[in-house]
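The values are calculated or read from the model by the stated rules, or taken from the named source; none is laboratory data. Source: prediction; values computed, not measured. Cβ placement follows ideal geometry from the backbone for every residue including glycine, while neighbour counts extend to all protein chains displayed.
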Amino acid sequence: MKILLVFAHPEPKSLSASLRDVAVHELEAAGHEVRVSDLYAMNWKSQIDRADFPALASGERLLPVAASKNAFTTDTLTDDVKVEIDKLLWADTLILQFPLWWFTMPAILKGWVDRVFAYGFAYGVGEHSDKRWGDRYGEGTLAGKRAMLIVAAGGWQEHYGPRGVNGPIDDLLFPINHGILYYPGYNVLPPFVTYSTDRYNEERFEAAAQDLRERMRTLETTVSIPYRHQNGGDYHIPTMELREGLETPGVSGFALHLRRVAD
């Protein structure tokens, strides 16, 4: 299997970097081919601006969506973005690894998504009609591939539990898992999360490393999160609201978009 790991942490001696090395070593030992995009080491440009669209005429108003569509269609995206798109097309599995900062990914990784997930590549794909609303949420360019998150959270695990003050970790990661990874078609695996990361000692690290090795060994067989397919009949088109009667009684919010066992 071919795996792309996109890594976002500025410190080479961090816990995240050490766990990255564990993951890469385990994957390569199993015979997988691994490429790493280390965004801080690459000095990745995170913001979208006019420099991303060299074909944009001087003085022309920058409309990022329209500019992204034109640049992808005319093959005028910048070289750094093209390289990352080629990696995504090459990889069978994408891993995003990052520390949880202010309840989300670091800005440099969000900027990688903003720039690399171009219109016509990761979104704006497929027919929009009264029968389908684009190839997205389970369909799209990256359908059939797998993806997962490796996340380091500073708070206690209980803080991210069902009654935790920070909110359930699955809810916090939903915009990334569902809105960034599932949207262009990835089958999204449950995340690997470490907690209380500033309180690690050698014993805790080895326990986390062993758990991560096991996740890497089972990367091909782990069951993906059962998100609903947008065009599978569960949603009204074009309003994209879940059809009545499909929800589990008492369930609302993000969990509505998970299939029940009987669905």
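Assigned to a loop (DSSP other than H, G, I, E, B) and closer than 21 Å to Ser46 by Cβ: does that describe Phe98? It is false that Phe98 is assigned to a loop (DSSP other than H, G, I, E, B) and closer than 21 Å to Ser46 by Cβ.
Residues to consider are Asn177, Asn187; find the one that is in contact (Cβ under 8 Å) with a residue 24 or more places away in the chain and more than 27 Å from Ser14 (Cα to Cα). Steps first, answer last, please.
Details: Asn177 fails: more than 27 Å from Ser14 (Cα to Cα).
Testing whether each residue is in contact (Cβ under 8 Å) with a residue 24 or more places away in the chain and more than 27 Å from Ser14 (Cα to Cα) leaves just Asn187.
For the residues Pro238, Pro184, the requirement of being in contact with a strand residue (DSSP E or B) (Cβ under 7 Å, 6 or more places away or on another chain), at pLDDT below 95, part of a loop (DSSP other than H, G, I, E, B) and not acidic (Asp, Glu) singles out Pro238. Has the stretch 77-90 got at least one residue that is part of a loop (DSSP other than H, G, I, E, B) and without any contact (Cβ under 8 Å) to a residue 12 or more places away in the chain? Within the stretch 77-90 (the criterion being part of a loop (DSSP other than H, G, I, E, B) and without any contact (Cβ under 8 Å) to a residue 12 or more places away in the chain), the answer is no, since none of the residues qualifies. Taking the stretch 204-222 as the search range and keeping residues that are surrounded by 14 or more Cβ atoms within 10 Å (Cβ to Cβ) and among the hydrophobic types (A, V, I, L, M, F, W, C), which one is farthest from the chain's Cα centre (by Cα)? If we take residues in the stretch 204-222 being surrounded by 14 or more Cβ atoms within 10 Å (Cβ to Cβ) and among the hydrophobic types (A, V, I, L, M, F, W, C), then Phe205 is farthest from the chain's Cα centre (by Cα). Applying the condition of being surrounded by fewer than 19 Cβ atoms within 10 Å (Cβ to Cβ) and of a type in the set (S, T, N, Q) to the stretch 155-203 and asking which residue is farthest from Asn231 (Cα to Cα) yields Asn201. Applying the condition of being of a type in the set (Lys, Arg) and touching a strand residue (DSSP E or B) at 6+ places or on another chain (Cβ under 9 Å) to the stretch 131-170 and asking which residue is farthest from Ser14 (Cα to Cα) yields Arg136.
Of the residues that sit in the stretch 29-51 and are over 22 Å from the mean Cα position of the chain (by Cα) and among the charged types (D, E, K, R), which one is nearest to Gly111 (Cα to Cα)? Even if it seems obvious, please write down each step before you answer.
Taking the stretch 29-51 first, the residues over 22 Å from the mean Cα position of the chain (by Cα) are 29-31, 49-51.
Pick out the ones that are also among the charged types (D, E, K, R) and you get 49-50.
Details: Asp49: 11, Arg50: 14 Å.
Applying the filter and picking the extreme gives Asp49.
Please determine, by comparing only the residues of the stretch 58-76 that are part of a helix (DSSP H, G or I) and among the β-branched types (Val, Ile, Thr), which one is nearest to the chain's Cα centre (by Cα). Before the answer, list the steps.
Within the stretch 58-76, the first condition is being part of a helix (DSSP H, G or I), and the residues that meet it are 64-73.
Then keep just the ones that are among the β-branched types (Val, Ile, Thr); that gives 65, 73.
On the way: Val65: 20, Thr73: 24 Å.
My answer is Val65.
Are there any pairs, at least 6 apart or on different chains, whose C-beta atoms fall under 7 Å, with the first in the stretch 4-15 and surrounded by fewer than 20 Cβ atoms within 10 Å (Cβ to Cβ) and the second among the hydroxyl-bearing types (Ser, Thr, Tyr) and assigned to a loop (DSSP other than H, G, I, E, B), and if so, which? Here the result reads Pro10/Tyr40; Leu15/Tyr200, each pair linking the stretch 4-15 to a residue that is among the hydroxyl-bearing types (Ser, Thr, Tyr) and assigned to a loop (DSSP other than H, G, I, E, B).
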